[in-house]
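Participant: There's a structure below that I have some questions on.
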Amino acid sequence: ISMEYKLRKAIEAQEFELFYQPLVHIQSGHILGAEALIRWRCEGKLISPAEFIPLAEESALILPLGDWVLRTAAHQAKLWQDAGHDLTMSVNISSRQFSGADLAVTLREVLLDTELRPGRLYFEITESMLMGDVSKAETTLLNLREAGGTFFLDDFGTGYSSLSYLKRLPIDGLKIDRSFIKDITDDSDSRAIVAAIVSMARTLNLRIVAEGVETQAQRGLLASMGPIVLQGYLASRPVPAQDFEALLSRDALLP
Ligand code: G
Ligand code: G
Ligand code: NA
Ligand code: MN
């Protein structure tokens, strides 16, 4: 049986779940938002998206899957909003979804249904989706922004993007790739790269998230560079919605 067939069946059988990883205020440790990360519960085992997202992208199954992710994450955000939390919700968008005509329509519908506060739904896209036909990307971003989307460039620094495009395109923030954060305390080059990204982002008025923060030493260094939002195992791994609620009930995730 092919993987594609299994994936198609899994969509029908609703075998997917979203986990949520907190984004936290670097100084206070308060939760500011969540990133939704898909998991496949297949015969009792959790399968990582790294194993099936690339295939889903090739086969166009990513469209119904991505649609489900967006709707489910927004619905969850609505439940947390109704429970009195003011959070952002980040959703990973694949290349086909981004280029497809339906995303703006779905976004409008989802925002209308959920009545999320403006600017709380973040789309994570990658540099490679924007390069190539930059004018087309600009039009897509403007349409989606008009529909209520906010955009972060995921894995920033690993792709190839021109700084002039960053200035031109309606992007709201950058997520610095965890490969740079990983060595930030030991390697002066990584530290310099992160400091340069942070200072450039501030000049361009972009928000910054540091991904993959695992230690207090990394947190301390990042905090000294400016207003950065922290994401990583130091605060929490991605967890099921119920466990995320337990995190929300704590005053702060970090001392
Ligand atoms: O959660 P984890 O770190 O295992 O994610 C592995 C990869 O899968 C990451 O690159 C992440 O961006 C991607 N990913 C996770 N959830 C989704 C999703 O809902 N849609 C898409 N397109 N990618 C996702
Ligand atoms: O590509 P994207 O940034 O969406 O990938 C998110 C992935 O990074 C998820 O699979 C998540 O589990 C993983 N991740 C999140 N925080 C950390 C961390 O602190 N360390 C490591 N190694 N991985 C992390
Ligand atoms: Na992401
Ligand atoms: Mn990333």
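The values are calculated or read from the model by the stated rules, or taken from the named source; none is laboratory data. As the structure is a prediction and not an experimental result, all values here were calculated from the model. A quick note on method: Cβ atoms are made from the backbone with ideal geometry, for glycine too, and the neighbour counts reach across all protein chains shown.
Participant: Kindly indicate the residue of region 213-233 that is under 24 Å from His85 (Cα atoms) and surrounded by 18 or more Cβ atoms within 10 Å (Cβ to Cβ) and also farthest from ligand 1 (Cβ to nearest atom) among those meeting that condition. Quick ask: steps written out before the conclusion?
Facilitator: Restricting attention to region 213-233, the residues satisfying the condition of being under 24 Å from His85 (Cα atoms) are 213, 227-233.
Checking which are surrounded by 18 or more Cβ atoms within 10 Å (Cβ to Cβ) leaves us with 213, 228-232.
Working: Val213: 14, Ile228: 19, Val229: 17, Leu230: 16, Gln231: 11, Gly232: 11 Å.
Within region 213-233, the match that is farthest from ligand 1 (Cβ to nearest atom) is Ile228.
Participant: Among (1) buried (at least 17 other Cβ atoms within 10 Å of the Cβ); (2) over 18 Å from the mean Cα position of the chain (by Cα); (3) within 19 Å of Val229 (Cβ to Cβ), where does His85 come up short?
Facilitator: For His85, the failing item is (1).
For every residue, the table says whether it meets (1) among the hydroxyl-bearing types (Ser, Thr, Tyr); (2) farther than 30 Å from Leu254 by Cα; (3) free of Cβ contacts under 8 Å to residues at least 40 places away in the same chain.
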| residue | (1), (2), (3) |
| --- | --- |
| Glu12 | no, yes, yes |
| Leu23 | no, no, no |
| Trp40 | no, no, yes |
| Leu46 | no, no, yes |
| Ala56 | no, yes, no |
| Leu65 | no, yes, no |
| Leu70 | no, no, no |
| Ala77 | no, no, no |
| Asn92 | no, no, no |
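Participant: May I pose another question? Is it the case that some residue within region 173-188 is farther than 30 Å from Leu46 by Cα, within 16 Å of ligand 3 (Cβ to nearest atom) and not aromatic (Phe, Trp, Tyr)?
Facilitator: yes
Participant: Same structure, new question: Would you check if there is a residue in region 152-175 being within 21 Å of Ala73 (Cβ to Cβ), in a loop (DSSP other than H, G, I, E, B) and in contact with a Phe, Trp or Tyr (Cβ under 7 Å, 6 or more places away or on another chain)?
Facilitator: Scanning region 152-175 turns up at least one residue that is within 21 Å of Ala73 (Cβ to Cβ), in a loop (DSSP other than H, G, I, E, B) and in contact with a Phe, Trp or Tyr (Cβ under 7 Å, 6 or more places away or on another chain).
Participant: Answer with yes or no whether Leu46 is buried (at least 19 other Cβ atoms within 10 Å of the Cβ) and either in contact with a helix residue (DSSP H, G or I) (Cβ under 7 Å, 6 or more places away or on another chain) or under 23 Å from Tyr233 (Cα atoms) (or both).
Facilitator: In short, no.
Participant: Another one. Those residues that are at pLDDT 95 or above, on the phi < 0 side of the Ramachandran plot and part of a loop (DSSP other than H, G, I, E, B), I need them from region 95-149; list them, please.
Facilitator: Leu116, Arg117, Pro118, Arg120, Ala147, Gly149
Participant: Looking at this structure, is Pro22 within 16 Å of ligand 3 (Cβ to nearest atom) and surrounded by fewer than 21 Cβ atoms within 10 Å (Cβ to Cβ)?
Facilitator: Against the criterion (within 16 Å of ligand 3 (Cβ to nearest atom) and surrounded by fewer than 21 Cβ atoms within 10 Å (Cβ to Cβ)), Pro22 does not qualify.
Participant: Report yes if some residue within region 168-185 is farther than 19 Å from Asn92 by Cα, touching a strand residue (DSSP E or B) at 6+ places or on another chain (Cβ under 7 Å) and surrounded by 13 or more Cβ atoms within 10 Å (Cβ to Cβ); otherwise report no.
Facilitator: There is at least one residue in region 168-185 that is farther than 19 Å from Asn92 by Cα, touching a strand residue (DSSP E or B) at 6+ places or on another chain (Cβ under 7 Å) and surrounded by 13 or more Cβ atoms within 10 Å (Cβ to Cβ).
A quick yes/no check of all residues on (1) modelled with pLDDT under 95; (2) within 16 Å of ligand 4 (Cβ to nearest atom); (3) among the hydroxyl-bearing types (Ser, Thr, Tyr); (4) in contact with a strand residue (DSSP E or B) (Cβ under 7 Å, 6 or more places away or on another chain):
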{"position": "Ile193", "(1), (2), (3), (4)": "yes, yes, no, no"}
{"position": "Glu211", "(1), (2), (3), (4)": "no, yes, no, yes"}
{"position": "Thr215", "(1), (2), (3), (4)": "no, no, yes, no"}
{"position": "Val229", "(1), (2), (3), (4)": "no, yes, no, yes"}
{"position": "Val239", "(1), (2), (3), (4)": "no, no, no, yes"}
{"position": "Gln242", "(1), (2), (3), (4)": "no, no, no, no"}
{"position": "Ser249", "(1), (2), (3), (4)": "no, no, yes, no"}
{"position": "Leu253", "(1), (2), (3), (4)": "no, no, no, yes"}
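Participant: Restricting to region 62-94, and then to whatever is closer than 18 Å to Pro118 by Cβ and assigned to a strand (DSSP E or B), can you tell me which residue is nearest to ligand 1 (Cβ to nearest atom)?
Facilitator: Filtering region 62-94 for residues that are closer than 18 Å to Pro118 by Cβ and assigned to a strand (DSSP E or B), the one nearest to ligand 1 (Cβ to nearest atom) comes out as Val91.
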